Amino acid sequence: MTVESTAARKPRRSAGTKSAASAGAKRTSPAAKKSPETTGAEPELVQLLTPEGKRVKDATYDPYVADITPEELRGLYRDMVLTRRFDAEATSLQRQGELGLWASLLGQEAAQIGSGRATREDDYVFPTYREHGVAWCRGVDPTNLLGMFRGVNNGGWDPNSNNFHLYTIVIGSQTLHATGYAMGVAKDGADSAVIAYFGDGASSQGDVAESFTFSAVYNAPVVFFCQNNQWAISEPTEKQTRVPLYQRAQGFGFPGVRVDGNDVLACLAVTKWALERARRGEGPTLVEAYTYRMGAHTTSDDPTKYRADEERESWEAKDPILRLRTYLEASNHADEGFFAELEAESEALGKRVREVVRAMPDPDHFAIFENVYADGHALVDEERAQFAAYQASFADAGEGK
């Protein structure tokens, strides 16, 4: 189903949400007032499951999920629940000083699980640094994601074991890597595809534009999956573009489509469609998953300084997990036993994550000085010596007590 703008529609309010009469007391961001994309209004997009959990039809994309079974639906729900629990545990661990930083995916579970489950084993995935749900779908142990954020390694997994590349911190550069890899896939004559993830902020980077150019000219079998969570840290999407992000593909000569990023079925269907296009030799596609970042950009960020309370509350009513649960219950595809079992599994996952992270070694404080220059450098040697003296000062202070 293609949904037109619903700016006038009242969002469902969750328990404990303040009434409209008290809204005037809330902080209102000037940026949030200007754009329907930051007020909870939905632009035209592909949707198969409404925020109220009702299944709707779409002639183009319905065939890609028409044969989905109740077991597979429960699997999608399980994926989102466990991914969210892992994410919450990682956030807590960072707050407790066990991780240096964490980039939460809260609110983006449907976009990641739907698209991740659309990939085949032989497809290759290039993530940015927030694709914890996609990593889950590719079979990467979630605890392996945490080593980098604790500073004990540069990734923690072998990219070739799961066809899932290491996280990329440099914004947008992975789209070039994905394009080059896809060009190689085409030259090899393989029928696999490549998918590159990035955010709305990265869409303004020159690397992404170059990727679009090369992929279009060389008809590369790559899907560009943009999770538009509407905020590039504190910068709203309206400050980056005058047109919807998916329309940028038109200027490069390949299709773009906007999907409801909180609808796991729609994300699954649209990504399947795009990947199949790529495998048939029809070139790249840009998928814009229109979603919302419910938490902070990272744990070093405070979104209350730039986002309105009512904006967040309107998106809470579109929660991707609640949406699918409502559909499962209404369709009699899941009972209380399933949900109770999943809750127990979620608790076990949280416990395992805590235990594994706390058992990780402390990072090597001097590793930062290694491999800066191939033949060494006097300034680096001086900085290493200064840091060594600084570290030693703590030991000296302890002995003096």
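The values are calculated or read from the model by the stated rules, or taken from the named source; none is laboratory data. For clarity, every value in this text was computed on a predicted model and none was experimentally measured. Because the Cβ atoms are built from the backbone with ideal geometry, glycine has one as well, and the counts that use them run over all protein chains shown. Surface areas here come from the heavy atoms of the whole protein model, side chains and all, with no ligands, DNA or RNA. Shrake-Rupley method; radii C 1.70, N 1.55, O 1.52, S 1.80 Å.
Brief remarks on what is shown
- Under 5 Å from the amide H of VAL46 lie the amide H atoms of ARG258, VAL259, ASP260, each residue being 5 or more positions distant or on a separate chain, with H modelled from the backbone and absent for Pro and chain starts.
- Loop exposure criterion: chymotrypsin sites (Phe, Trp or Tyr not before Pro), DSSP state outside H, G, I, E and B, at most 13 other Cβ atoms within 10 Å. Applied to the chain, the longest stretch between such sites is 1-365.
- Averaging the Cα positions of each part gives two centres, and for region 156-200 and region 311-377 these lie 23 Å apart.
- Pairs from LYS57/LYS272; LYS305/LYS351; LYS187/LYS272; LYS57/LYS239 whose Cα-Cα separation, in the structure shown, is over 25 Å: LYS305/LYS351; LYS57/LYS239
- Solvent-accessible surface of region 211-271, averaged per residue with a 1.4 angstrom probe and all protein chains in place: 34 square angstrom.
- Choice from MET360, MET183, MET148 with maximal GNM fluctuation in the chain (Cα, 10 Å cutoff): MET360
- Taking amide hydrogens as placed 1.01 Å from N in the peptide plane, the amide H of GLN108 sits under 5 Å from those of MET294, each at least 5 positions away in sequence or on another chain.
- Think of region 85-212 as having a plus end and a minus end, set by charges on the Cβ of Lys, Arg, Asp and Glu; of LEU105, GLY201, GLY116, LEU105 sits farthest toward the positive end of this dipole.
- Residue with peak Gaussian network fluctuation, the chain [Cα springs, cutoff 10 Å], from GLY116, GLY261, GLY350: GLY350
- Placing +1 on each Lys and Arg Cβ and -1 on each Asp and Glu Cβ, with no other charges, gives the chain a dipole about its Cα centre of roughly 1360 debye.
- Atom-type composition of the exposed protein surface of the chain places 51 percent of the accessible area on carbon and sulfur (1.4 angstrom probe).
- Calculated [θ] (222 nm, deg cm²/dmol) that DSSP helices of n ≥ 4 give over the chain, each run adding -39,500 (n - 2.57): -13000 deg cm²/dmol
- For region 72-81, the Karplus equation 6.51 cos²θ - 1.76 cosθ + 1.60, evaluated at θ = phi - 60°, returns couplings of 5, 5, 5, x, 5, 5, 4, 4, 5, 5 Hz by residue, with Gly and Pro reported as x.
- Our compactness index for region 273-373, the C-alpha radius of gyration over the empirical 2.2 N^0.38 Å, is 1.69.
- Size of region 43-187: Rg and Dmax of its alpha carbons, in Å, are 16.8, 50.
- Coupling constants for region 124-138 follow from the phi torsions by the Karplus curve (6.51 cos²θ - 1.76 cosθ + 1.60, θ = phi - 60°), and in residue order they are 10, 10, 10, x, 9, 10, 10, 8, 5, x, 5, 4, 4, 5, 8 Hz; glycine and proline get x.
- Taking the Cα centre of region 273-337 as origin and assigning +1 to Lys and Arg Cβ atoms and -1 to Asp and Glu Cβ atoms, the resulting dipole is close to 420 debye.
- Whole-number accessible area per residue in Å² for region 36-152, which is evaluated in the context of all protein chains at 1.4 Å: 34
- Simple spin-label estimate for ASP335 and LYS305 gives 5.2 nm between the two label positions (7 Å along the Cα-to-Cβ direction from each Cα).
- Using the Karplus relation 6.51 cos²θ - 1.76 cosθ + 1.60 with θ = phi - 60°, the per-residue 3J(HN,Hα) values for region 331-340 come to 8, 6, 8, 8, 10, 5, x, 4, 5, 5 Hz, with x marking Gly and Pro.
- Its Kirkwood hydrodynamic radius, worked out from the mean inverse distance over all distinct Cα pairs, puts the chain at 22.5 Å.
- Cα lying deepest toward the dipole's positive end in region 239-393, options ALA308, PRO363, THR241, charges on Cβ: THR241
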